[in-house]
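Working notes, structure below.
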Amino acid sequence: MTNYSLNSEWELKKLILDIGKRIWTRGYVAANDGNISVRISDNEILTTPTGVSKGFMTQEMIIKMSIDGKVISQSKKFRPSSEVKMHIEVYQQRQDIKAVIHAHPPYCTSFAVAGIPLDKCVLPEAVLTLGAVPIASYGTPSTMEIPDSIKSHIQNSDAVLLANHGALTLGVDLINAYHRMETLEHTAHITYLSIGLGNVNMIPSKEVDKLMTLREQMNIPGRINICATDGSCQHDNSQGAASGISQAQIEQITRSVIEKLRKQS
Ligand code: 13P
């Protein structure tokens, strides 16, 4: 069995606690929300437990599972995250992914509630590392509806918004998955503020081409949907359909949000 990590299991558990503290401290999760997992071999993962604050976890809370969903070791008091099926779906579909984070950061979750995908080329870092971020259709938390809803999106993207729920990021390691969550929330925040200012200028397509060349040169890992500056996706233009609304409706919602924000200011 391939051991993917240079870190010991103890170090990885500690890193899960550190990332849990970061997402809680930054307000990416409230109460007991959010979950984190790491792949430790072809068939095994470590996952956070269900129903505890991810800001106050201890090492014995972390649970080892097989990627077919069986618990390998756990402390008696704790059960695996109720969303572990979503994490397992990612590990089964994507051999290149070694860590998964689910959180509810306020700005990107607001876009997920509004049904507006973060698919515009607005910031170079986001274009380089996230690409166009789609919205997976709504599913009842903890059921197979969520893994089913992300299935198609994780083929082309390492960041997905979950309709009326939150966000999911994938990484080649835990820090990478965390950075993607931070970039996603930062991008959503800036996009929201730009809408409030009344205008969102997109990066011109010839500049986006340059960024894509840079992405290759920098050997940035992972998969992205490349977005044209008109907002239409080259690899995946189904986000609107997945979230149950058309591109025209998304544009109309965006226009009415801008209009309302203008009236308020
Ligand atoms: P767990 O505590 O079961 O991981 O669930 C938290 C959550 O955010 C559900 O979406």
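The values are calculated or read from the model by the stated rules, or taken from the named source; none is laboratory data. None of the values given here were measured: they were computed from a predicted structure. Neighbour counts are summed over all protein chains in view; Cβ atoms, including those assigned to glycine, are modelled from backbone coordinates with ideal geometry. Note: accessible area is taken over every heavy atom of the protein model, side chains too, but ligands, DNA and RNA are not part of it. Shrake-Rupley method; radii C 1.70, N 1.55, O 1.52, S 1.80 Å.
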* Asked: Counting only protein heavy atoms, what percent of the accessible surface of the range 69-219 is carbon or sulfur at a 1.4 Å probe?
  -> 55
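I'd like the per residue volume of the convex hull spanned by the Cα atoms of the range 10-158, given in cubic angstrom.
119
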* Structure fact -> Quick tally, 1.4 Å probe accessible area for Trp10, Trp24, sorted with the most first, runs Trp10, Trp24
* **Phi to ³J(HN,Hα) by Karplus 6.51 cos²θ - 1.76 cosθ + 1.60 over the range 50-60, Hz, x for Gly, Pro** => 7, x, 10, 5, 6, x, 9, 9, 10, 4, 6
* To do: May I ask you to list the lysines whose Cα is less than 23 Å away from that of Lys77, ignoring any residue fewer than eight positions away on the same chain?
  => Lys13, Lys14, Lys21, Lys54, Lys64, Lys85
* **Relative packing of 132-143, 190-201, which averages over residues the other C-beta atoms within 10 Å, highest first** => 132-143, 190-201
* **Kirkwood estimate for the range 1-77, i.e. one over the average of 1/r between Cα atoms, Å** => 12.7
